[in-house]
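What follows is a set of notes on a single structure, which appears directly below.
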Amino acid sequence: MKRIFACLLGLLFCMQLFAQNKTVSGRVTDNSGTPLANVSVQVKGSSGGTTSDANGRFSLSVPSSASTLVFTYSGMDAQEIAIGNESNLNVALQGKAQAMDEVVVVGYGTQRKKSVTAAISKVDPGAISNLVTPSIDKQLAGRAAGVQVSNAGGLLNQEPRIRIRGVNSINTGRDPLIVVDGVPFQTGGVLQNVNSPNNANTVANGNSTSSVSGVSNSTGISSVANTNPLSSINPSDIESFEVLKDGSATAIYGSRASNGVILITTKKGKQGKVNVNYNNWFAISNPIKKYDLLNAEEFVTIANERYTNAGQPAQAFMNAEKTNSDWQSVVFNRNAFAQNHSLSLDGANASTNYYLSFNYQNQEGLTITNKTKRYGIRANVSHKINSWFRIGNNLAVSRVDDNDQNNGGNALDGAIAGALRALPNVRVKDPANPTGYNIVLPTYAALGQDANLRAIENNYSNVAFLLANNIFSSEKYFITENAFIEISPFRNFTFRSQGSFDMQTSRDLLTFDPRHGSGRGPNGRVDDIDVFRQRLLWQNYINYNVSFNQHSLFFTVGTEFQKDKYRYNFSRGTNVSDRFFLQNGIISGTFGTQQSGGGESRGGFVSYFGRVNYDFNSKYFAQVSFRRDGQSSLAAANRYGNFPGFSVGWRVSEEGFWQNSGLAKVINSMKIRGSYAVVGNTLTGFPYLSTYGASPYASVNGIAIAAVGNNKLLWETNKKIDVGIDLGFWNDRMSLTVDYFRNNNDNLVLAAPLPVSFGVPNNSIFQNIGTMMNQGLEFSLTGNIIQKGSWRWNANVNYTATNNEVQSLYNNQDVTLQGPNNGTFNVLRVGESVNSLFGYRYAGVNSANGNPMYFKADGTLIQGNIPNTTYYTVIKPDDPALGTQTTLATTDREIIGNTIPRWFGGLDNNVSFKNWDLNVFFRFSGGNKIYNQTAQEVLYNQFFQNNGRVILDRWTKPGDRTSVPMQWTGRDNFTNLSSQAVSRFVEDGDYLRLQNVSIGYNFSGAKLASWTNNNIRSIRLFVQGQNLKVWTKYTGIDPDAFSEFGIDNASVPPARTYSVGLNIGF
């Protein structure tokens, strides 16, 4: 009985306690109305609490006796809010003082925004974490001033092209340095495809196509699939994303800072109880646009017209089934599916901070064999052993599986190249064929011809067979281990020693079926490839600050040692005994001919760096930085380089005359700043050494010189100048940042030609002989447009105008560049932008005879007579008579376009009403020209292949006014000037893109707490669309789909994606 009574008494006591609790919920924002995530919310005097979700909402059960809630957020002033009888609280933490106290991550430390004298852009990773994307870098376009991002196609894990304040090298690396949690991250390609004509870092000089020290055009670490190492990082794990743009910000990174620096900081635990978050999304994707091709009957008409005009019999006919094959539907997925799941746990107390996450993503690409799958784990832990000693470890492990296909724009086995050229009047499959596919018998050499009297020209393959039977797969592992200790023996002094191990491995498998396509000649082929790269890094640096009177000094001094290792090996078997052995890799005894190879390279850095910041009365600022780098790629006498930087700033708004004037009521903050620095661009390999390679002579193996080194090579240098102003209006309700920048690139490494008689490989040697300039203006405007009642609308717009100019070359001579299909489309010329389009000026079609017309260099109007492939002067554009015989010579070529966007930016809108939120994001770019090689080589081709429907506008009779010449079989090279640039195929690259629209609803507060028994603090449901609409005059597949050379060559179209998702905070 006593036990029953005690239980009842205890139950009543618990009920009384429960009755004395109440739930307080609300929303935390900055004073511009932007929601703040992970704000700590605690009852004053208690250790219990919660944190706000991604939309700033919180819900907390508090005792009825609680009177005050304390809101704290990194870099902001804590606020204490009286509870009273309120159950719903809306708290704005941001204010004038806080805006200036915002913490900005910089190299080897942090700074207050008010004291920053550099050009740094912050990107909100929260705006990207829910987007359907393999990696965060693919979503940076339009989100930061000065950062131009191009996604050159719709392939998954294809690295985007990121250029910060222009192109800062001609022949070496152009990508920014990526730093993750303070450690330089391994990105870019490593495979030594040095002679690839598509290599964006290769400069041709005469017949030379060698690149500096083997810079590769491959992306990531795979030889068979597009691989972006940043895809190994879960976007939901990223806490902050800073872009360092000017010399003041980047000089601390010295020789690797020429192209700018991107700092990524991953999440840590938040004070309070354990936070558990689960996020997911599910998506479908389709091409935003498909190529507009001829149907079967249109193809038959056009194909036979070519033969008729040439005086030959018709070759194309409809089969008995009236086949009308849509080859794009064979290649492209319909409603490609993707899903992502992320689970994280984090927390912190006075001594320990931890963040643990698990991630799984599975995404199908637009082409049926393109897909990627990621599994990832991250564990960030730090522990304070005592008041002066802290240890920590950041570990990230991920596996990424990529599958791809042949993506060559002109490859006979290329997925898009084959689909665009395949004949629409032939079947995809043929039950009577031993393969089940429509393939020419008995040779199996090309796509089947059905009722046609001939096969497809150039023996293009049946792309459906290739996608079903060939394998391009890559299995990669990424391990990043970053351990550190921090010692603070006295106030304001911290010593940090950090060691990092970054390993990336890839096992690639490529197989070609022996029956058809590239595997037919060698009777099957299997490649088994292993790639390994590793980076060991050790950093030691001190941060110390001291203040006296109104003076503050901040010191950073440190050293950094880096060692890189790269190794690859491959085995290849051909003449395979049976197709069964093509499934999983090389198997002994299953092939007739074997080939193997490999290589290894090593490199390293030794660096010493320092920085001093001075602050007087929070008004006047100065920063001096210096770095001395030693690199193994340079000769001993030139191995070390010095890279200084200097900047100043003045907060005019802190002056008495400003605060006492009427201007202060409108412009509450104003800072003027300027900087100058010299930074570098690294070389790779050992270009100062003359190297030897294998050179068999008949059956005798030997070696021969492979490259002639230059022991006088120096770093490429970049002298950066920046002048900027930061303004805050109406108590920071609106802010404006304007920067002018100029980058002077010196000592650019180019190939200097040598006489053929010297016997030097590629007849050239690399020297520091080029200079180039980038300059421009950046604008970034942020404002809280509406903040009334439950309505919030804030917007950000950024705009960049930039100009690039080559200022000197070897003897200031033009350098023509080798492009796709061994063509010449670009040139380096003093006074023009890098990679300018260089070709013939098209003058249209002679309406009387259908001949294409051109302007010679002296302005003479000529025409190419299609029947006899000879050039004549034009008497009149509508006169069929031929004038004097002449030529269209290489000397008639001229600059026909700039390939670098001259302006770009974005507009981001965030609207919220009560529990609803809406994001609408636009981005834009333009001022560049795109060379539509897809039109030249495919859509307008005059082979026995399919065309685009644009060919229907061809000239057919006298009086026709069109830009498409007369059709004539066998005249493709003459009529379209294949593999040469002509202004006929040059188009404007301007566009406006509706990049993202998302709508979300948030469940939080007392109702959610009661529904879930206080187990769930927030739920957000959202739907979104990505890449919804593009406004452009460009007729190609997409105005972003072009190479470094400005060439669009049979690209996979970008995806339009729709997704739904769920964010739950426990």
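The values are calculated or read from the model by the stated rules, or taken from the named source; none is laboratory data. Keep in mind the model is a prediction, meaning the values are calculated, not measured. Here the Cβ is made from the backbone with ideal geometry for all residues, glycine too, and neighbour counts use every protein chain on show.
Applying the set (1) of a type in the set (Phe, Trp, Tyr); (2) within 30 Å of residue 747 (Cβ to Cβ); (3) loosely packed, with under 14 Cβ neighbours inside 10 Å to residue 580 leaves exactly one unmet item: (2).
Being farther than 21 Å from residue 420 by Cα, modelled with pLDDT of 95 or more, crowded, with 19+ Cβ neighbours inside 10 Å and not assigned by TED's automatic domain parsing to the domain that holds residue 847 is the requirement here; does residue 998 meet it? For residue 998, the condition - farther than 21 Å from residue 420 by Cα, modelled with pLDDT of 95 or more, crowded, with 19+ Cβ neighbours inside 10 Å and not assigned by TED's automatic domain parsing to the domain that holds residue 847 - is met. For the range 133-157, taking the residues that are of a type in the set (Val, Ile, Thr) and at pLDDT below 90, the one that is farthest from residue 34 (Cα to Cα) is identified as 133.
Assess whether residue 280 counts as being among the polar types (S, T, N, Q) and touching a strand residue (DSSP E or B) at 6+ places or on another chain (Cβ under 9 Å). When the stated conditions are applied, residue 280 passes them.
Taken over the range 860-909, the residue count meeting the criterion of being surrounded by fewer than 21 Cβ atoms within 10 Å (Cβ to Cβ), within 30 Å of residue 780 (Cα to Cα) and in contact with a Leu (Cβ under 9 Å, 6 or more places away or on another chain) is 2.
Within the option set 385, 416, being at pLDDT below 95, more than 22 Å from residue 522 (Cβ to Cβ) and surrounded by 24 or more Cβ atoms within 10 Å (Cβ to Cβ) holds for one residue only, 416.
Test residue 946 against the criterion of being among the polar types (S, T, N, Q), touching a strand residue (DSSP E or B) at 6+ places or on another chain (Cβ under 6 Å) and crowded, with 16+ Cβ neighbours inside 10 Å, and give yes or no. So residue 946 passes the test. The number of residues in the range 347-365 that are modelled with pLDDT under 95 and of a type in the set (A, V, I, L, M, F, W, C) comes to 2. The one condition from (1) at pLDDT 95 or above; (2) not in a strand (DSSP E or B) that residue 661 does not meet is (1). Within the range 827-852, the residues that satisfy the criterion of being hydroxyl-bearing (Ser, Thr, Tyr) and more than 22 Å from residue 902 (Cα to Cα) are 840, 842, 847.
Do we find that residue 826 is surrounded by 17 or more Cβ atoms within 10 Å (Cβ to Cβ), assigned to a strand (DSSP E or B) and touching a Phe, Trp or Tyr at 6+ places or on another chain (Cβ under 9 Å) in this structure? Judged against the criteria, residue 826 is a match.
Being in a loop (DSSP other than H, G, I, E, B) and in contact with a helix residue (DSSP H, G or I) (Cβ under 7 Å, 6 or more places away or on another chain) is a condition met by at least one residue of the range 356-375. Applying the condition of being among the hydroxyl-bearing types (Ser, Thr, Tyr) and more than 24 Å from residue 1030 (Cα to Cα) to the range 260-306 and asking which residue is surrounded by the most Cβ atoms within 10 Å (Cβ to Cβ) yields 266. Within the option set 222, 248, 231, 255, being at pLDDT below 90, part of a helix (DSSP H, G or I) and crowded, with 24+ Cβ neighbours inside 10 Å holds for one residue only, 231. I'd like the residue in the range 765-794 that is buried (at least 20 other Cβ atoms within 10 Å of the Cβ) and modelled with pLDDT of 95 or more and, out of all such residues, is nearest to residue 741 (Cα to Cα). Checked the range 765-794; the qualifying residue nearest to residue 741 (Cα to Cα) is 776. For the range 626-685, the tally of residues that are over 16 Å from residue 258 (Cβ atoms) and among the hydroxyl-bearing types (Ser, Thr, Tyr) stands at 6. Would you check which residues across the range 521-561 are touching a Leu at 6+ places or on another chain (Cβ under 9 Å), crowded, with 19+ Cβ neighbours inside 10 Å and not basic (Lys, Arg) and list them? If the condition is that a residue be touching a Leu at 6+ places or on another chain (Cβ under 9 Å), crowded, with 19+ Cβ neighbours inside 10 Å and not basic (Lys, Arg), then 524, 526, 527, 528, 529, 531, 560 are the ones that fit. Residue 117 passes all but one of (1) part of a strand (DSSP E or B); (2) touching a Gly at 6+ places or on another chain (Cβ under 8 Å); which number fails? With (1) part of a strand (DSSP E or B); (2) touching a Gly at 6+ places or on another chain (Cβ under 8 Å) applied to residue 117, the lone miss is (1).
Among the residues of the range 451-472, those identified as surrounded by fewer than 20 Cβ atoms within 10 Å (Cβ to Cβ) and either charged (D, E, K, R) or closer than 30 Å to residue 534 by Cβ (or both) are 454, 457. Selection over the range 594-636 of residues that are closer than 21 Å to residue 252 by Cα, in contact with a helix residue (DSSP H, G or I) (Cβ under 8 Å, 6 or more places away or on another chain) and not in a strand (DSSP E or B) gives a count of 1.
Could you tell me whether the range 1039-1055 includes any residue that is in contact with a strand residue (DSSP E or B) (Cβ under 8 Å, 6 or more places away or on another chain), within 30 Å of residue 87 (Cα to Cα) and crowded, with 23+ Cβ neighbours inside 10 Å? No; the residues of the range 1039-1055 include none that is in contact with a strand residue (DSSP E or B) (Cβ under 8 Å, 6 or more places away or on another chain), within 30 Å of residue 87 (Cα to Cα) and crowded, with 23+ Cβ neighbours inside 10 Å.
The numbered conditions (1) free of Cβ contacts under 8 Å to residues at least 60 places away in the same chain; (2) surrounded by 12 or more Cβ atoms within 10 Å (Cβ to Cβ); (3) over 21 Å from residue 775 (Cα atoms) are all true for residue 711 except (1). Among all positions in the range 829-843, there is no residue which is within 30 Å of residue 914 (Cβ to Cβ), in contact with a Ser or Thr (Cβ under 6 Å, 6 or more places away or on another chain) and in a strand (DSSP E or B).
Quick grid of which residues meet (1) touching a Pro at 6+ places or on another chain (Cβ under 6 Å); (2) assigned to a loop (DSSP other than H, G, I, E, B); (3) closer than 9 Å to residue 424 by Cβ:
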{"site": "289", "(1), (2), (3)": "yes, yes, no"}
{"site": "299", "(1), (2), (3)": "yes, no, yes"}
{"site": "305", "(1), (2), (3)": "no, no, no"}
{"site": "308", "(1), (2), (3)": "no, no, no"}
{"site": "313", "(1), (2), (3)": "no, yes, no"}
{"site": "318", "(1), (2), (3)": "no, yes, no"}
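Residues that are of a type in the set (Gly, Ala, Ser) and in contact (Cβ under 8 Å) with a residue 12 or more places away in the chain within the range 425-445 comprise just one, 445.
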